[in-house]
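Student: My structure is below; once you've seen it, I'll send some questions.
Every read-out reported here was derived from the displayed coordinates using simple, explicitly stated rules and does not represent laboratory data. Keep in mind that what you see is a predicted model, and the values were worked out from it rather than measured. Note: ideal-geometry Cβ built from the backbone for every residue, glycine included; neighbour counts use all protein chains shown.
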Amino acid sequence: MYKHILISNDGSDVGQKGVDHGLSLAKALGAQVTIITVTERFPIFADGLTVGYAMSDALMAEYTAGQKETADAILSAAKQAADRLGVPCDALHVPNAQPAEAIVETAKSRNCSLITMASHGRRGLGRLVLGSVTSEVLANSPVPVLVVR
């Protein structure tokens, strides 16, 4: 049924539940896994009067290195969990991207048959202000999405 599962992980405790569930499902089905984490671009805010500020090359390099270090730690822990279960796993960091977009595009480009991800379950104003990666993936995914809570 599901031959290749894309598991999204943002590094949170809730995200880990999605990883654990996705890996267990992959083991039961004998499926291949790709674990993805996405890091966003440096946020530049406009205040209506200015377009933002120019970042120094050093600050941008520091931000990029920090994002890569965090992504590497997230993926390393997930890969170790997959190895413990004997699940074949690729790890993928997509830098400077919108998470939902990157997840959907990766599912398409890697011919995944299922996306597994956790939901933080935000409601009301928190969801409106923070947005919902899970909702956006659900709305745009070409394959089924398993949401773990």
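Student: Summing Lys, Arg as +1 and Asp, Glu as -1, what charge do residues with Cβ under 15 Å from the Cβ of residue 24 carry, residue 24 excluded?
Tutor: +1
Student: In nanometres, what is the gap between the two model label sites at residue 105 and residue 140, each 7 Å from Cα along Cα-to-Cβ?
Tutor: 0.9 nm
Student: Between their Cα atoms, which of 3/27; 17/108; 3/79; 27/68 are more than 22 Å away from each other?
Tutor: 17/108; 27/68
Student: Excluding residue 13 itself, calculate the net charge of residues whose Cβ lies under 13 Å from the Cβ of residue 13, where each Lys or Arg counts +1 and each Asp or Glu counts -1.
Tutor: Net charge around residue 13: 0.
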